[in-house]
Structure formats: structure tokens, C-alpha cells
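Engineer: First the structure, then my questions, so here it is.
No value in this document is a laboratory result; all are computed from the given coordinates. These numbers come from a predicted model, not from an experiment. All Cβ positions, glycine included, derive from the backbone under ideal geometry; neighbour counts span all protein chains shown.
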Amino acid sequence: MPSKCRLRRLLPSSARALLRWLAMPRWNAAAALVRHRAADTVLSGPFTGMHLSLTLVSNRNLLGYLLGTQEIELHDAVRRVIARGYPRIINVGAADGYYAIGFLRQARR
């Protein structure tokens, strides 16, 4: 018998999206509210004001990105790096581009 994961892949993307919403309704409702109120803009943290164009993959970190709490333990280090004004920053292992774009945006100031 095929696994649940394989069966889900056979469904059209619209049906998979609905199943994701049904699996975690409170989280999805909260995420939709925050995304609407924030207008896809980071609300706090070192990248405050950064506009996000998120993909479906990025949604796993959506609330952390928009609220500015994503990896909050790194905020002081990120601010120190920004304050030093390095001419180049190499971002190894960028997944969603949150730090790459955030650092680039701060370097332009």
C-alpha cells in the first residue's frame, strides 16, 4: 500500500493546499491574519521594513519572518555584522534568501 505522502502527491496542488489548511487551521488562520496585517513586510528585528515575496516553501517560516522573530537568538550578531559595514557578506546555505536579502538591503543604507 502506498504511503500517505505518495498518495498526497497524486492530488492536484489545489487539493494539497486545502489539506494543508485543514491539517493546521489555527496556524493557517493566524498566518493569514499576520500576512494580511503586515502586508508581506517584516515588522521587527534587524530587517524591519523588508518586503518579502514568499514561496509555498517559505511559508514554513512565515510567521517568524514577518514578525521578525525568525532565529531571534541571532539578532544581536546580525546587528553587529550590519554595523561593521562589511563590503561583502557570504551567505552559505541560503534557503529562502531572508538573510541574503536582509543583509543586502541593510548594506545599501
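Engineer: Find out how many positive minus negative residues lie around Val34, taking Lys and Arg as positive, Asp and Glu as negative, among other residues whose Cβ is under 15 Å from that of Val34.
Structural biologist: With Lys, Arg at +1 and Asp, Glu at -1, the net is +3.
Engineer: Additional query: Please find the FRET efficiency linking Val34 to Arg79, where r is the Cβ-Cβ separation and R0 is fixed at 25 Å, and quote it to the nearest 0.05.
Structural biologist: 0.60
Engineer: Could you work out the relative contact order of the chain? I mean the mean sequence separation of Cα pairs under 8 Å and 6+ apart, divided by the number of residues, in percent.
Structural biologist: Rounded, it is 20 percent for the chain.
Engineer: Here is a follow-up. Bin width 10 Å, origin at 0, all Cα-Cα pairs of the chain: what percent of pairs per bin?
Structural biologist: Values per bin, smallest distances first: 13, 38, 27, 16, 7, 0.
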